[in-house]
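Right, one structure below, let's go through it.
The values are calculated or read from the model by the stated rules, or taken from the named source; none is laboratory data. Predicted, not measured: the structure shown is a model, and the values here were computed from it. Neighbour counts are summed over all protein chains in view; Cβ atoms, including those assigned to glycine, are modelled from backbone coordinates with ideal geometry. Areas reflect the complete protein model, heavy atoms only, side chains present, ligands, DNA and RNA absent. Shrake-Rupley method; radii C 1.70, N 1.55, O 1.52, S 1.80 Å.
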Amino acid sequence: IFAGYEIYTYPRTGSDGGRFKEHPKVKNINAPVMELSSSFIRHAIKTKKDVRFMIPESVFNYIDEMNFYRK
């Protein structure tokens, strides 16, 4: 992956950036920390919570259309 792409990372509470944080192809985004993770989104969908305000509309529509994370 590093040979062909740059990897952009978003800050997370409790993470130091991992073992690749100093890699020249890893770009750390300077942005506010949000308490939101993919695990949280998956769990919310599984428990029938409305996540439309948490993710882009196109992503929500795809997840909904494909019935991801509902079982």
So, TYR62, is that one under 17 Å from the mean Cα position of the chain (by Cα), open to solvent by 80 Å² or more (accessible area, probe 1.4 Å) and modelled with pLDDT under 95 or not?
no
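Open to solvent by less than 90 Å² (accessible area, probe 1.4 Å), in a helix (DSSP H, G or I) and touching a Phe, Trp or Tyr at 6+ places or on another chain (Cβ under 6 Å), is that true of ILE41? So that I can check it myself, show each step before the final result.
Numbers: open to solvent by less than 90 Å² (accessible area, probe 1.4 Å): yes; in a helix (DSSP H, G or I): yes; touching a Phe, Trp or Tyr at 6+ places or on another chain (Cβ under 6 Å): no.
No.
Confirm whether ARG52 is open to solvent by 80 Å² or more (accessible area, probe 1.4 Å) and in contact with a helix residue (DSSP H, G or I) (Cβ under 8 Å, 6 or more places away or on another chain).
Details: open to solvent by 80 Å² or more (accessible area, probe 1.4 Å): yes; in contact with a helix residue (DSSP H, G or I) (Cβ under 8 Å, 6 or more places away or on another chain): yes.
Spelling it out, ARG52 is indeed open to solvent by 80 Å² or more (accessible area, probe 1.4 Å) and in contact with a helix residue (DSSP H, G or I) (Cβ under 8 Å, 6 or more places away or on another chain).
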In this structure, is ILE1 loosely packed, with under 11 Cβ neighbours inside 10 Å, touching a Phe, Trp or Tyr at 6+ places or on another chain (Cβ under 7 Å), among the β-branched types (Val, Ile, Thr) and without any contact (Cβ under 8 Å) to a residue 24 or more places away in the chain?
no
Would you point out the residue of the stretch 14-33, among those that are of a type outside the set (Gly, Ala, Ser), within 16 Å of the chain's Cα centre (by Cα) and part of a loop (DSSP other than H, G, I, E, B), that is surrounded by the most Cβ atoms within 10 Å (Cβ to Cβ)?
VAL33
Please give the number of the condition GLU35 fails out of (1) in contact with a Ser or Thr (Cβ under 8 Å, 6 or more places away or on another chain); (2) modelled with pLDDT of 95 or more.
(2)
